[in-house]
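To start, the structure itself, in structure tokens.
What follows is calculated from the coordinates using simple rules that are stated; it is not laboratory data. Since we're looking at a predicted model, the values are computed, not measured. So basically every Cβ, Gly included, is an ideal-geometry build from the backbone, and we count neighbours across all protein chains shown.
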Amino acid sequence: MKTFEAKALTVCLILCIAAAFSGCAIRRVPNPAPGSGISPGKSYSPELGTPATDADNLAKAVQRIPGIRSAAAVISGDAAYIGINIDINSSIDNTSKIQNIKKQAADTVRNTDRNIKTVYVSADADFIQRIDKISNDVRNGKPVEGFEDELNEIVKRITPEKQ
């Protein structure tokens, strides 16, 4: 009976050691592909280069323009849809100043992402709200392609300036 207990104890000990080592496995992260924009040694993020992060980068770049309080962006193919909230405290009091800001926003988008050919910029509240909603949905995993009809409708209905 002693040998049976010794064997059972040995098997239990081996199982415990195996369980302890399997729970401490090292997380393996794939090496970035050459030309992916991710340098070795920098932190890896599976979100880099997604439509949501690319659009967020455009929105952040546009928000740096004086006179813009906030921005929302959606990228679909080679087109960018940019909704801008004008800062009412920045003494922008006429249409020509707003048009200038929209042009600056379009130029900033094209300089930030060279793949963008068409930029739609609007300060219309409905446009901003709809672009912000689509942007949030894309960020939460919905494909941009699912919003093609809505984006086309937004452009036809609100007709923001194509810059």
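Restricting to strands (runs of 3 or more DSSP E) lying wholly in region 68-155: which have 2 or more residues that are surrounded by 15 or more Cβ atoms within 10 Å (Cβ to Cβ), among the hydrophobic types (A, V, I, L, M, F, W, C) and free of Cβ contacts under 8 Å to residues at least 24 places away in the same chain?
Qualifying strands (runs of 3 or more DSSP E): none found.
Could you check how many residues of region 73-85 are in contact with a Ser or Thr (Cβ under 8 Å, 6 or more places away or on another chain) and closer than 15 Å to residue 112 by Cβ?
7
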